[in-house]
Amino acid sequence: MRTLAIDIGGTKVALGVVEGGVLIKRHQIETPESQNVVLFTESILKDIQNWIDDIDIIGVSTTGFVTESGITAINPDTLSFPTPFPFAQELERQTGKTVSMLNDAQAAAWYEFVQLNDASLNMAFITVSTGVGGGIIIDGKLHQGHSGLAGHIGHMSIDINGKECGCGQVGCVESIASGTAIKKASDERFNKSLTNIELFEQAKTNPAADQIITISAQAIATLCCNLKACLDLDVVVLGGGIGFADGYLERVNNAIQSRPKVFQLPVVAAKGNYDACLLGAAFQFKE
Ligand code: BMX
Ligand code: ZN
């Protein structure tokens, strides 16, 4: 079976064809800005029209809260669709294929759980990218909750005096640790606007740049220890552009080492690398 996998993030959309669990084709575009679902879907399919005839089904993983009626942003600062955005319905209409859709981090959690190859593990996948997303596997099952919100751990508030998050709360992990939060902190600190890639480079020699990244990693470490306290997880799998940036995983693990032993847990790199969410889009059909 050939699956067209589509991963919609706040910044980019990755597209791929997955056959036998392997990504055999890959393409990437910037997330279209169109607010119109027909035009948005056309933009997504534009470059891959010639893939459609050869695929059987379509799996989508997307940033946002996924319900029957579409995609709803929890943090509209990272995705400004009119909501609920009926993307899956429109994709089915334009391609004539069956479409299944999951939240991006939930999809990646399932993929990464299968890769761990130990059904007894309770785990979470955390992506630190445009936002901070999560997916939780308990007793061998993806825990979505009745509404599908479960795993939105980027919106656990860890600082009641913290900054406002786009979701309407204050001090959310996402408002401290995400790529967007890092960029904001860096723009406030430095006169020159740096990309996050440049900031990570600067951090090797510049303590102010280093501190911005440390604060992000500390927030993710706090999140991991909170998840351990709440769910007694065995492992956290980390992904996302920031999660995979040079030395970030090590910073998170070092920060966890300074916490009480009972709340410590190992944090490991996603096997799907930058494509954990894309592979997750295709893997949602695997029981
Ligand atoms: C946000 C939220 C989550 C998503 C996470 C990571 C929106 C639009 N998205 O917390 O659903 O999983 O970001 O998303 O509210 P990414 O775009 O960084 O991959
Ligand atoms: Zn929030």
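The values are calculated or read from the model by the stated rules, or taken from the named source; none is laboratory data. Owing to the predicted nature of the structure, the values given are computational and were not obtained by experimental measurement. Methodologically, a virtual Cβ is constructed for each residue, glycine included, from the backbone with ideal geometry; neighbour enumeration extends over all protein chains shown. We work out accessible area using only protein heavy atoms, side chains counted, and drop any ligands, DNA or RNA first. Shrake-Rupley method; radii C 1.70, N 1.55, O 1.52, S 1.80 Å.
Expressed as a fraction of 2.2 N^0.38 Å, the value expected for a compact globular protein of N residues, the C-alpha radius of gyration of the range 243-287 is 1.51.
GNM on the chain, alpha-carbon springs under 10 angstrom: the most fluctuating residue among Asp104, Asp210, Asp53 is Asp53.
The phi torsions of the range 82-99, fed into the Karplus equation with coefficients 6.51, -1.76 and 1.60 and a -60° offset, translate into couplings of x, 10, x, 9, x, 5, 4, 4, 5, 5, 5, 5, 6, 10, x, 9, 6, 10 Hz, rounded to whole numbers, with Gly and Pro shown as x. Surface composition of the chain: carbon and sulfur atoms hold 50% of the protein heavy-atom accessible area at a 1.4 Å probe.
Take the Cβ atoms of Gln28 and Asn191, set R0 to 30 Å, and the FRET efficiency comes out at 0.40. Highest GNM mean-square fluctuation, the chain, Cα pairs closer than 10 Å: which of Gly240, Gly154, Gly168? The residue with the greatest mean-square fluctuation here is Gly168.
Between Val262, Val37, Val235, the residue with the greatest mean-square fluctuation in the GNM of the chain (Cα pairs under 10 Å linked by springs) is Val262. Tell me, how many Å apart are the Cα centres for the range 84-130 and for the range 266-287? Cα centroid to Cα centroid, the span is 8 Å.
As a test of the formula, what do you get for the chain when each DSSP H run with n ≥ 4 contributes -39,500 (n - 2.57) and the sum is divided by the residue count, at 222 nm and rounded to the nearest 500 deg cm²/dmol?
Mean residue ellipticity, 222 nm, calculated: -10000 deg cm²/dmol.
With only Cα atoms counted, the chain has Rg and Dmax values of 18.4, 55 Å.
Note on the chain: dipole from Cβ charges, positive end direction compared against Tyr111, Ser258, Thr31; the farthest Cα belongs to Ser258. Using a probe of 1.4 angstrom and keeping all protein chains present, the accessible surface of the chain works out to 46 square angstrom per residue. Principal axis analysis of the Cα atoms in the range 119-270 yields extents of 49, 31, 25 Å, listed in decreasing size. Annotation note: trypsin sites (Lys or Arg not before Pro) in the range 71-173 located in DSSP loop regions with a Cβ neighbour count of at most 15 within 10 Å are Lys97, Lys163. Restricting attention to the chain, lysine pairs at least eight places apart or on different chains and with alpha-carbon atoms under 21 angstrom apart total 23. The trypsin sites (Lys or Arg not before Pro) of the range 171-258 that meet both conditions, a loop assignment by DSSP and at most 16 other Cβ atoms within 10 Å of the site Cβ, are Lys192, Lys204.
Let me check I've understood the local charge: for Ile126, count other residues with C-beta under 12 angstrom from its C-beta, Lys and Arg +1, Asp and Glu -1. What total comes out? Here the charged neighbours net out to -3.
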